[in-house]
Amino acid sequence: MSYLVRFFSLIMDRCYDMAGNYGMAIILFTFISKLIILPVTLWTYFNSIKMVKIQPDINMLKVKYYGQNDVIAEKQTELQKKAGYHPLLSTVPLVIQLFLLMGVVEVIKAGIAEGIIDMSFGPVDLGMIPREQGITYIWVPFVAGLTSFILCLVQDKFDILQSQQSTGNKIFTMAVSVGLSLYLGFFVYIGTALYWVAGNCFAVLQLFILNGIVRPKRFVDQEALSKSREELDSIKRSGKRKGEGFFSPVKRRERADYKRFFKVVNKHIVFYSESNGFYKYFRGYIDYLLLHTKLTIHYITSDPDDGIFVKAQSEPRIRPYYIGENRLITLMMKMDADMVVMTMPDLGKYHIKRSYVRKDTEYVFVQHGMGSNNLTFRQGATDNFDTVFCVGEHQYDEEVEAQKLYDLPERKILKIGYPLIDDMRADHEMKTASGQIKGHARPLILIAPSWQKDNIIDLCLDDILQSLKDGDYDVIVRPHPQEVRIKAEKMQSLTDKYKDASNIEIQTDFSSNNPVMEADVLITDWSDIACEYAFTTMRPVLYINTPMKVMNPEWEKLPVVPINIYLRDKIGMNLDTGDLSRTRETVDHLLAHSDEYRKTIGDMYDRFVYNHGSSAEEGARYIISSLQEKIVGRKKEEKR
């Protein structure tokens, strides 16, 4: 730092010689420093333009993967790398400014110590500190704060990147900047405050000059930016819960549940659910544990309206806790339990970490789909789990091969099955036997696309419906709820277009009964619903070959054909998007050969699903034996 101060002192002395006044010398020094760091300023300026150019794509990512923060972060990083944007570059000028500021403080201090420099600037003594002068110089911090306030207003309006920030971010930036200026103006030399004021004024001038020369808005697709922002704002409004401020009942409840969770000692098992819809994957295991053990089930959910809170009212051994996504990060790091069971992949890869408190906690991954983990999860999604429950041989083989290929630490890869499909089959049999599911006067065709880019609705729904509309069957289009939520105008347009087609219904009201298990043929693209439908009803599926959903670019490294690909010509048929004029013909073939497909689907069910009808028991018995082993081992350690 001493070398830097000497260098600054040398420049300041030359400025003083030229200006003949210390105040003007500081202003001149500020101007020169702005010229010196101009290349860095230009670098960050054009870096900001790169960011705004890709902002429409980033906004649409946030729409597409709304609520999936880890996926958004990964995809956003990929976009930024492709565009050549450097996220941390904007901090470089700030770091330089802080060094300059510290240097100016030391230079002024040295000038005062020498006593040979006239520190006056008009009637103002630049060597004074306002805090020590009482009311005399109280105006100094307010001038510094005012110039920072003006700079922030100008940047919010005219800076290409800052203008795109949310209102909250703008307010935060302004509060920090003005607060720092008030502090500098009150607690440091007035000369330093003058440097800060001059710097703010030059920054405003510099921004107007750069905007006038470069005209950054010409690099940005304003229409796409505006449209993407509207879509993002729309989904934020629809997805935002009312009254979730810091002092809201929901937040108070979260804080209380957080404290209550850590007050409990000797927690044996914890389940984590992302939202209300995930209980169905745990239900079978929890029911068995409640029936056959005295265990207390600690159930963490990130949904304050999760049905588990109602269930817990009649089952005192279930203790539910509402923990939002942000507080969950800390809770997981402090986790103190023998076992944690969850359906969320990517443990330890992003924001959710293994416990920092206990190294012996066993993390169990429970499947929430029947598809290929290797294809539809990110690479290494289950690597950090100690135990992986597998639905069938396809997932088992993938986990074993991945362990070999990537030389992973030994994990328990277990042949469990899929309790949800057991429940669905039992429910379907019961409703069929009781007459709740009846045959139709005409065959029912259900179109249920996945929620991904370039799905059936995006690419080819019209072509499919045009082929089916004159067929002797009823057609229901049931879009993914996210599709309806985000693309309301498109859904309304489809509804209006086919309102006069007597055999076609665009079903966007999900309060009605789900017709999935009543359909005679299911049409989908890459949705996991295909397996659940086929293995429950034993009826065929028509797959549309839209672009395949791939989350793991290394999926082909494993010598296991993903079930999502393998089954497409086993439990039904598939059509390319260029052959959709054959949709009606293909559906008629599937209906005519439904008995043959019933046998083939049954064979595939036997092959790809373990422990028919008893998968929940199989998984729960493992949980019990593992917990018993841990408890016995701990007691032995205590006796030693």
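The values are calculated or read from the model by the stated rules, or taken from the named source; none is laboratory data. All of these numbers come straight from a predicted model, not from anything done at the bench. When we count neighbours, we look across all protein chains shown, and the Cβ atoms used for this are built from the backbone with ideal geometry, even at glycine. Quick note on the areas: whole protein, heavy atoms, side chains included, nothing else; ligands and nucleic acids left out. Shrake-Rupley method; radii C 1.70, N 1.55, O 1.52, S 1.80 Å.
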For the range 203-247: of the residues being at pLDDT 75 or above and of a type in the set (Phe, Trp, Tyr), which is farthest from SER302 (Cα to Cα)? PHE208
Residues satisfying the stated conditions in the range 384-416, i.e. open to solvent by less than 40 Å² (accessible area, probe 1.4 Å), of a type in the set (S, T, N, Q) and farther than 11 Å from ASN373 by Cβ: THR387, GLN403
Anything in the range 392-413 that is under 14 Å from ALA381 (Cβ atoms) and hydroxyl-bearing (Ser, Thr, Tyr)? List them, or say none. TYR406
Test set (1) at pLDDT 95 or above; (2) within 22 Å of SER450 (Cβ to Cβ) - GLU399 fails condition number: (2)
State whether one or more residues within the range 470-484 are over 30 Å from VAL71 (Cβ atoms) and surrounded by fewer than 16 Cβ atoms within 10 Å (Cβ to Cβ). yes
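Regarding GLN55, is this residue closer than 30 Å to ASP233 by Cα and touching a residue at least 24 places away in the same chain (Cβ under 8 Å)?
Criteria met by GLN55.
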Just to be sure before I move on: is VAL105 surrounded by fewer than 16 Cβ atoms within 10 Å (Cβ to Cβ), of a type in the set (Val, Ile, Thr), part of a helix (DSSP H, G or I) and at negative phi in the structure I sent? no
If you go through the range 250-282 one residue at a time, how many are part of a strand (DSSP E or B), in contact with a helix residue (DSSP H, G or I) (Cβ under 7 Å, 6 or more places away or on another chain) and open to solvent by less than 40 Å² (accessible area, probe 1.4 Å)? 3
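Output the number of residues of the range 454-477 satisfying the condition of being within 23 Å of GLU585 (Cβ to Cβ) and outside any helix (DSSP H, G or I).
Result for the range 454-477: 11.
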Please find, within the range 361-381, the residue that is modelled with the lowest pLDDT out of those that are in contact with a Pro (Cβ under 7 Å, 6 or more places away or on another chain) and open to solvent by 10 Å² or more (accessible area, probe 1.4 Å). PHE377
Condition (residue is modelled with pLDDT under 90 and of a type in the set (Ser, Thr, Tyr)) applied to the range 471-489: is it met by at least one residue? no
Got a sec? Which of GLY191, GLY212 is part of a helix (DSSP H, G or I), open to solvent by less than 40 Å² (accessible area, probe 1.4 Å) and not β-branched (Val, Ile, Thr)? GLY191
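Could you tell me whether MET430 is open to solvent by 20 Å² or more (accessible area, probe 1.4 Å), in contact (Cβ under 8 Å) with a residue 40 or more places away in the chain and farther than 23 Å from MET551 by Cβ?
The answer is no for MET430.
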Do the conditions hold for PHE202, that is, is it among the aromatic types (Phe, Trp, Tyr), in contact (Cβ under 8 Å) with a residue 40 or more places away in the chain and open to solvent by 60 Å² or more (accessible area, probe 1.4 Å)? no
Could you give every pair whose Cβ atoms fall below 7 Å, whose first residue belongs to the range 327-351 and is open to solvent by 20 Å² or more (accessible area, probe 1.4 Å), and whose second residue is basic (Lys, Arg), counting only separations of at least 6 or pairs across chains? MET333/LYS353; ASP336/LYS267; ASP336/ARG358; GLY348/ARG354
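This table checks each residue for (1) among the charged types (D, E, K, R); (2) touching a helix residue (DSSP H, G or I) at 6+ places or on another chain (Cβ under 9 Å); (3) loosely packed, with under 14 Cβ neighbours inside 10 Å.
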{"position": "LYS53", "(1), (2), (3)": "yes, yes, no"}
{"position": "ASP57", "(1), (2), (3)": "yes, yes, no"}
{"position": "VAL71", "(1), (2), (3)": "no, yes, no"}
{"position": "LEU79", "(1), (2), (3)": "no, yes, no"}
{"position": "GLY84", "(1), (2), (3)": "no, yes, yes"}
{"position": "LEU100", "(1), (2), (3)": "no, yes, no"}
{"position": "ALA110", "(1), (2), (3)": "no, yes, no"}
{"position": "ILE117", "(1), (2), (3)": "no, yes, no"}
{"position": "ASP125", "(1), (2), (3)": "yes, yes, no"}
Can you list residue pairs whose Cβ atoms sit under 8 Å apart, with the first residue in the range 150-176 being in contact (Cβ under 8 Å) with a residue 60 or more places away in the chain and open to solvent by less than 40 Å² (accessible area, probe 1.4 Å) and the second being among the β-branched types (Val, Ile, Thr) and not in a helix (DSSP H, G or I)? Count only pairs 6 or more apart in sequence or on different chains. ILE160/VAL220
